[in-house]
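Asker: Please see the structure below; I have some questions.
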Amino acid sequence: MLYLLALLLHHLPLAMGQYDICKSWVTTDDGPSWEFYACQPKAMRMKDYVTVRVDPAGITCGDPPERFCTHENPYLCSDECDASNPDLAHPPKLMFDSEDEGLATYWQSVTWRRYPEPLLANITLSWNKSIELTDDIVITFEYGRPTIMMLEKSLDNGRTWHPYQYYADDCMEAFSMPARRVRDLSTTSANRVLCTEEYSRWVGSKKEKTVRFEVRDRFAIFAGPDLKNMDNLYTRLESAKGLKDFFTVTDLRMRLLRPALGGTYVQRENLYKYFYAVSNIEVTGRCKCNLHANLCTFKEGSLQCECEHNTTGQDCGKCKKNFRSRSWRAGSYLPLPNGSPNACAAAGSAFGNCECYGHSNRCSYIDFLNVVTCVSCKHNTRGQHCQHCRLGFYRNSSAELDDENVCIECNCNQISSLHDRCNETGYCECKEGATGPKCDDCLPNYYWRQGCFPNVCDEELLLCQNGGTCYQNQRCVCPVGFKGVLCQQSRCEADKKDCDGAHSVRAGLGTVLLVVLALQLRGFMDL
Ligand SMILES: *[C@@H]1O[C@H](CO)[C@@H](O)[C@H](O)[C@H]1NC(C)=O
Ligand SMILES: *[C@@H]1O[C@H](CO)[C@@H](O)[C@H](O)[C@H]1NC(C)=O
Ligand SMILES: *[C@@H]1O[C@H](CO)[C@@H](O)[C@H](O)[C@H]1NC(C)=O
Ligand SMILES: *[C@@H]1O[C@H](CO)[C@@H](O)[C@H](O)[C@H]1NC(C)=O
Ligand SMILES: *[C@@H]1O[C@H](CO)[C@@H](O)[C@H](O)[C@H]1NC(C)=O
Ligand SMILES: [Ca+2]
């Protein structure tokens, strides 16, 4: 019976589609044991797990109650939005509900009564979890699609944002971008950010309601029109730089920039028909678990991978404690069809417990010291357990010892620091006159020129004399007839020929005066 079960499980990966299973109990010549596979969770309707934020405050209609009308029926402005009446309210959550009986429920904005000031709204969706899109994002607009909008995405829970797609009825006018279609992209441009005119032209508000971000069309570039050749897609996702990340998001933001206009210019006498109304936002994707989990559950308010392969973390992004004898790696789709689990491994038993914090895969026994030590520590670490940073690097205080980023380069300025080592907080030792963590600034009264040098002149103590001007604290630019570091010396004084030469060539009044001045100066100095 057990044997049969094992056999059955062993064949499940093929039966259930690709990468659905993380491990199975198999019988080999050496007896039964676990076999591991690259695995990923199923795609889900991500709108069920999203938090939404609509900006600016007061953009949602109904407070105070407001009348509006439609482009089809522009003179019958009897519809009402009233936030205090559940039947007439249009709060943001109606973009994510499930609509039974085909009755659209929708979020709605205020009308464009402030025209010509633009009517702007941001709808931000956050998951607090990396998600890999597996199908088109589909946004459904009631009463017409915006004539200008933009989709942005974040990969770091909203800290940084990047454009994802531009939408306009005239891309050139709205964004100075040529209009393109995703269908025309090629294998090398599959992750291009483009502007499309396909979803913004007026065709009547009932006919075309959706705005798409085309994930399937982009997949089809590799997997063929019906996405039959997924192997090819997975191979490309693995090898093409940035392609996987292109389909990964933690947050999405729709920036609505101009509402539907009904196919004509804005009619100022009836602004009640301009607004945004979104009835649904469909986002289909799977939790990103780095191919180390086939389940993703909603716990404590966010999605979390149920990590296998002795990995841990929200995205299974690191090895569990005591399973760090080799560095963490994401599972791989390759080789087809089962991929590689790249599981984390327990600290090797052969050499006792030689922990290398994931910076080395090898230990070696040093006979004459009678110690086991890690060999070829990576990530700029060193030491018996790769627990120290190499010279010229310092410990990243916000990273754990097994983090790839645990050692940060000191980056001391080569010219103005004494050596390339730094202390535990990254401070370098500076040569005279230099300062700053990396020694790339100068102390006051020093100037920078391939290092820090004491000021030759300045505007306070080391003033240039005789009308000379101080050039970048480096030298005085002296007027004709003077020289010396601070132009303190008359040329006539120092070198008779120089003075005569100048005199004979240009016996202008100025020169004469200078000579007189110089003579006086000599008299002064003689005293
Ligand atoms: C929408 O978000 C963008 C940043 O992506 C911000 O610059 C803009 O001010 C926001 N607009 C509104 C209306 O909140
Ligand atoms: C985001 O998820 C992490 C990990 O599950 C959790 O610790 C954190 O509290 C969540 N943050 C928010 C704002 O929900
Ligand atoms: C993870 O560790 C357990 C022991 O806690 C072990 O039985 C299992 O085989 C390990 N899994 C992998 C994928 O290495
Ligand atoms: C320090 O480690 C954290 C956590 O891994 C990482 O996000 C950060 O970039 C590292 N800092 C530097 C300067 O490398
Ligand atoms: C590193 O050097 C800086 C500047 O000299 C100093 O402020 C800091 O306290 C030092 N840090 C440690 C850990 O010694
Ligand atoms: Ca709805």
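The values are calculated or read from the model by the stated rules, or taken from the named source; none is laboratory data. Owing to the predicted nature of the structure, the values given are computational and were not obtained by experimental measurement. Methodologically, a virtual Cβ is constructed for each residue, glycine included, from the backbone with ideal geometry; neighbour enumeration extends over all protein chains shown.
Asker: Return the residues of segment 392-409 that are assigned to a loop (DSSP other than H, G, I, E, B) and within 6 Å of ligand 4 (Cβ to nearest atom); say none if nothing qualifies.
Answerer: Of the residues in segment 392-409, the ones assigned to a loop (DSSP other than H, G, I, E, B) are 392, 396-406.
Correct list: Asn396, Ser398, Ala399, Asp403, Asn405.
Asker: A further question follows. Could you say which residue among Cys377, Cys356, Cys412 is buried (at least 20 other Cβ atoms within 10 Å of the Cβ) and either part of a strand (DSSP E or B) or out of contact with any Ser or Thr (no Cβ under 8 Å at 6 or more places or on another chain) (or both)? Step through it out loud before you land on a result.
Answerer: Working: Cys377 fails: either part of a strand (DSSP E or B) or out of contact with any Ser or Thr (no Cβ under 8 Å at 6 or more places or on another chain) (or both); Cys356 fails: either part of a strand (DSSP E or B) or out of contact with any Ser or Thr (no Cβ under 8 Å at 6 or more places or on another chain) (or both).
None of the other options fit; the residue is Cys412.
Asker: Now for a different question. Can you confirm whether Leu194 is farther than 20 Å from Phe275 by Cα and within 16 Å of ligand 2 (Cβ to nearest atom)? Step through it out loud before you land on a result.
Answerer: Values: farther than 20 Å from Phe275 by Cα: yes; within 16 Å of ligand 2 (Cβ to nearest atom): no.
Spelling it out, it is not the case that Leu194 is farther than 20 Å from Phe275 by Cα and within 16 Å of ligand 2 (Cβ to nearest atom).
Asker: Would you pick out the residues in segment 451-473 that are under 43 Å from the mean Cα position of the chain (by Cα) and surrounded by 13 or more Cβ atoms within 10 Å (Cβ to Cβ)?
Answerer: Passing the criteria: Gly451, Cys452, Phe453, Pro454, Asn455, Asn473.
Asker: Mind listing whichever residues of segment 171-197 are touching a strand residue (DSSP E or B) at 6+ places or on another chain (Cβ under 8 Å), of a type in the set (D, E, K, R) and within 29 Å of Pro74 (Cβ to Cβ)? Quick ask: steps written out before the conclusion?
Answerer: Filtering segment 171-197 down to residues touching a strand residue (DSSP E or B) at 6+ places or on another chain (Cβ under 8 Å) leaves 171-172, 174-175, 177-182, 193-197.
After this cut, where a residue has to be of a type in the set (D, E, K, R) as well, the list is 180-181, 197.
Scanning segment 171-197 gives a single hit, Glu197.
Asker: Let me ask something else. List every residue pair whose Cβ atoms sit under 9 Å apart, with the two residues 6 or more apart in sequence or on different chains, where the first one lies in segment 301-318 and is surrounded by 17 or more Cβ atoms within 10 Å (Cβ to Cβ) and the second, anywhere, is aromatic (Phe, Trp, Tyr) and assigned to a strand (DSSP E or B).
Answerer: Correct list of pairs: Leu303/Trp127; Gln304/Phe298; Glu308/Phe36; His309/Phe36.
Asker: Then there's this: Just one of Asp87, Asp97 is more than 16 Å from ligand 2 (Cβ to nearest atom) and either crowded, with 17+ Cβ neighbours inside 10 Å or under 34 Å from the mean Cα position of the chain (by Cα) (or both); which is it? Reasoning before the result, please.
Answerer: On the way: Asp87 fails: either crowded, with 17+ Cβ neighbours inside 10 Å or under 34 Å from the mean Cα position of the chain (by Cα) (or both).
On inspection, the qualifying residue turns out to be Asp97.
Asker: Scan segment 108-127 residue by residue and report those that are buried (at least 16 other Cβ atoms within 10 Å of the Cβ) and in contact with a helix residue (DSSP H, G or I) (Cβ under 9 Å, 6 or more places away or on another chain).
Answerer: The answer is Gln108, Thr111, Trp112, Ile123, Leu125, Trp127.
Asker: Got a number for residues in segment 412-429 being closer than 12 Å to Asp441 by Cβ and not hydrophobic (A, V, I, L, M, F, W, C)?
Answerer: 3
Asker: Is it fair to say Arg390 is out of contact with any Ser or Thr (no Cβ under 9 Å at 6 or more places or on another chain) and away from ligand 1 (no atom under 16 Å from the Cβ)?
Answerer: Values: out of contact with any Ser or Thr (no Cβ under 9 Å at 6 or more places or on another chain): no; away from ligand 1 (no atom under 16 Å from the Cβ): yes.
No; evaluated as a whole, the condition is false for this residue.
Asker: A follow-up question, please. Which members of segment 58-84 meet the condition of being in contact (Cβ under 8 Å) with a residue 24 or more places away in the chain, surrounded by 15 or more Cβ atoms within 10 Å (Cβ to Cβ) and not β-branched (Val, Ile, Thr)? Show your work before the answer.
Answerer: From segment 58-84, those in contact (Cβ under 8 Å) with a residue 24 or more places away in the chain are 58-62, 66-72, 74-75, 77, 81; that's our starting set.
Filter again for surrounded by 15 or more Cβ atoms within 10 Å (Cβ to Cβ), leaving 59-62, 66, 68-71, 77, 81.
Those that are in contact (Cβ under 8 Å) with a residue 24 or more places away in the chain, surrounded by 15 or more Cβ atoms within 10 Å (Cβ to Cβ) and not β-branched (Val, Ile, Thr): Cys61, Gly62, Glu66, Phe68, Cys69, His71, Cys77, Cys81.
Asker: Further, regarding this structure: Pull up segment 146-185, narrow it to residues that are of a type in the set (Gly, Ala, Ser) and out of contact with any helix residue (DSSP H, G or I) (no Cβ under 8 Å at 6 or more places or on another chain), then point me to the one that is farthest from ligand 2 (Cβ to nearest atom). Quick ask: steps written out before the conclusion?
Answerer: Filtering segment 146-185 for residues of a type in the set (Gly, Ala, Ser) gives 154, 158, 168, 174, 176, 179.
The next check asks that each one be out of contact with any helix residue (DSSP H, G or I) (no Cβ under 8 Å at 6 or more places or on another chain); those that pass are 154, 158, 174, 176.
On the way: Ser154: 14, Gly158: 10, Ala174: 34, Ser176: 37 Å.
Out of the qualifying residues, it is Ser176.
Asker: For the subset of segment 236-268 comprising residues that are among the polar types (S, T, N, Q) and modelled with pLDDT of 95 or more, which member is nearest to Asn342 (Cα to Cα)?
Answerer: Residues of segment 236-268 among the polar types (S, T, N, Q): 239, 248, 250, 264, 267.
With the extra rule that they be modelled with pLDDT of 95 or more, the set shrinks to 248, 250.
Working: Thr248: 21, Thr250: 24 Å.
My answer is Thr248.
Asker: Any residue at all in segment 150-167 that is away from ligand 1 (no atom under 16 Å from the Cβ) and not small (Gly, Ala, Ser)? Walk me through it before giving the result.
Answerer: We begin by selecting, within segment 150-167, every residue away from ligand 1 (no atom under 16 Å from the Cβ); these are none.
Looking through segment 150-167, none of the residues is away from ligand 1 (no atom under 16 Å from the Cβ) and not small (Gly, Ala, Ser).
Asker: If you don't mind, another one. Can you find a residue that is assigned to a loop (DSSP other than H, G, I, E, B) and within 16 Å of ligand 2 (Cβ to nearest atom) anywhere in segment 133-144? Can you show your working first?
Answerer: Here is the first cut: in segment 133-144, the residues assigned to a loop (DSSP other than H, G, I, E, B) are 134-136, 142-144.
Next cut, within 16 Å of ligand 2 (Cβ to nearest atom) only: none.
Scanning segment 133-144 turns up no residue that is assigned to a loop (DSSP other than H, G, I, E, B) and within 16 Å of ligand 2 (Cβ to nearest atom).
Asker: Now for a different question. Show me the strands (runs of 3 or more DSSP E) entirely contained within segment 425-492 in which 3 or more residues are within 16 Å of ligand 5 (Cβ to nearest atom) and at pLDDT 95 or above.
Answerer: The qualifying strands (runs of 3 or more DSSP E) are 428-430.
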